[in-house]
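Notes to accompany the following structure.
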Amino acid sequence: MTTLFEITTLDDIRPSPFCWRVRLALKHKRVPFDTVGISYSQIPTLGDGSFKAMPVLQDRLAWIEGSSRIADTLESEYPQQPTLFPADPERRFARFVETWVESALHTTIFRLVAFDVWKRLHPTERAYFRSTREQRLGTTLEYAHEAALARLDEFPAALEPLRRVLLTRQFLSGHEPAYPDYLVFAALKWQRLVSDVVLLPAKDSVEDWYTRLDQLAQE
Ligand SMILES: N[C@@H](CCC(=O)N[C@@H](CS)C(=O)NCC(=O)O)C(=O)O
């Protein structure tokens, strides 16, 4: 059996964008899997105790940490299933999309949702999350959240590269979605799971693309 370990909350929401990438990659490769929710303080209790962050995948006898390594492993272990990296054997496109997502989307979403995530954590997890995230943000969770709210109207422009690609094809990866789509989807899923803020107008083509992927994620 394959098990995906992912960060969970008090109400068992699994918001981590890195874990969502892997969920979709497993579905894409049609690998049956179960999931286990892990809190930050439980990470050192997994496997040999060396893991630093989720996702971690236990696949047959191997433990694998990190969304990119897991996606690469699934690609090589399940070559008979649809590829996660169509026409991208060296992963150049996927790595570019990953970098774009993390620099252009994660940074803004992180400022907006870190406070929402903190509220959803078990009380014993909150001090760790607050101190590590405030160090990263360079300010308090509350201030980062308020500042992000004040600049919400800037967010749709960050998705313009995707919007332009969607004028020419159904998914970032072509006629069918693949790992580059999952990288972007996972960032938006993270925000929507923990926050009520609406970031995109209803008529946005990105919204249609998101809905199509969300249906696949739920199948
Ligand atoms: N580059 C890693 C990043 C994973 C990551 O940062 N995971 C976060 C959850 S969203 C985590 O588990 N952090 C552990 C911690 O903050 O102690 C990946 O792509 O998998």
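Considering the range 2-32, and only residues there that are open to solvent by 50 Å² or more (accessible area, probe 1.4 Å) and of a type outside the set (D, E, K, R), the residue that is farthest from PRO177 (Cα to Cα) turns out to be LEU10. For the range 33-49, the set of residues classified as more than 17 Å from the chain's Cα centre (by Cα) and open to solvent by 20 Å² or more (accessible area, probe 1.4 Å) consists of PHE33, ASP34, SER41, GLN42, PRO44, THR45, GLY47, ASP48, GLY49, listed by residue number. Among the residues of the range 108-135, the ones that are in contact (Cβ under 8 Å) with a residue 12 or more places away in the chain, in a helix (DSSP H, G or I) and surrounded by 13 or more Cβ atoms within 10 Å (Cβ to Cβ) come to 17 in all. With respect to (1) more than 18 Å from the chain's Cα centre (by Cα); (2) loosely packed, with under 14 Cβ neighbours inside 10 Å, the lone exception for LYS52 is condition (1). Considering only the range 35-58, I want to know if a residue exists there that is acidic (Asp, Glu) and in contact with a strand residue (DSSP E or B) (Cβ under 7 Å, 6 or more places away or on another chain). No, the range 35-58 has no match at all. Working only within the range 204-219, note down all residues that are closer than 17 Å to ARG169 by Cα and open to solvent by 10 Å² or more (accessible area, probe 1.4 Å). Correct list: ASP204, SER205, GLU207, ASP208, TYR210, THR211, ARG212. The number of residues in the range 185-212 being touching an Asp or Glu at 6+ places or on another chain (Cβ under 6 Å) and of a type in the set (A, V, I, L, M, F, W, C) comes to 2. When ALA148, ALA104 are checked against the criterion of being free of Cβ contacts under 8 Å to residues at least 60 places away in the same chain, in contact with a Lys or Arg (Cβ under 9 Å, 6 or more places away or on another chain), among the aliphatic types (A, V, I, L, M) and open to solvent by less than 60 Å² (accessible area, probe 1.4 Å), a single residue qualifies: ALA148.
Count of the range 17-43 residues, restricted to those that are within 10 Å of the ligand (Cβ to nearest atom) and either part of a helix (DSSP H, G or I) or under 13 Å from PHE185 (Cβ atoms) (or both), is 9. Here are some residues: LEU84, LEU46. Which one is in contact with a His (Cβ under 8 Å, 6 or more places away or on another chain), farther than 30 Å from LEU149 by Cα and within 16 Å of the ligand (Cβ to nearest atom)? Being in contact with a His (Cβ under 8 Å, 6 or more places away or on another chain), farther than 30 Å from LEU149 by Cα and within 16 Å of the ligand (Cβ to nearest atom) holds for just one of LEU84, LEU46, which is LEU84. Taken over the range 156-202, the criterion of being touching a helix residue (DSSP H, G or I) at 6+ places or on another chain (Cβ under 8 Å) and of a type in the set (Asp, Glu) is satisfied by ASP181 alone. Among the residues of the range 79-95, are any open to solvent by 50 Å² or more (accessible area, probe 1.4 Å) and over 29 Å from VAL31 (Cα atoms)? For the range 79-95, residues open to solvent by 50 Å² or more (accessible area, probe 1.4 Å) and over 29 Å from VAL31 (Cα atoms): absent. Among residues of the range 55-78 being within 11 Å of the ligand (Cβ to nearest atom) and part of a strand (DSSP E or B), the one that is most open to solvent (accessible area, probe 1.4 Å) is GLU65. For the range 196-203, the condition of being open to solvent by 50 Å² or more (accessible area, probe 1.4 Å), assigned to a loop (DSSP other than H, G, I, E, B) and of a type in the set (A, V, I, L, M, F, W, C) holds for at least one residue.
The values are calculated or read from the model by the stated rules, or taken from the named source; none is laboratory data. What you are looking at is a predicted structure, and each value in this text was computed from that prediction instead of being measured. Virtual Cβ from ideal backbone geometry, glycine too; neighbours counted across all protein chains shown. Surface areas here come from the heavy atoms of the whole protein model, side chains and all, with no ligands, DNA or RNA. Shrake-Rupley method; radii C 1.70, N 1.55, O 1.52, S 1.80 Å.
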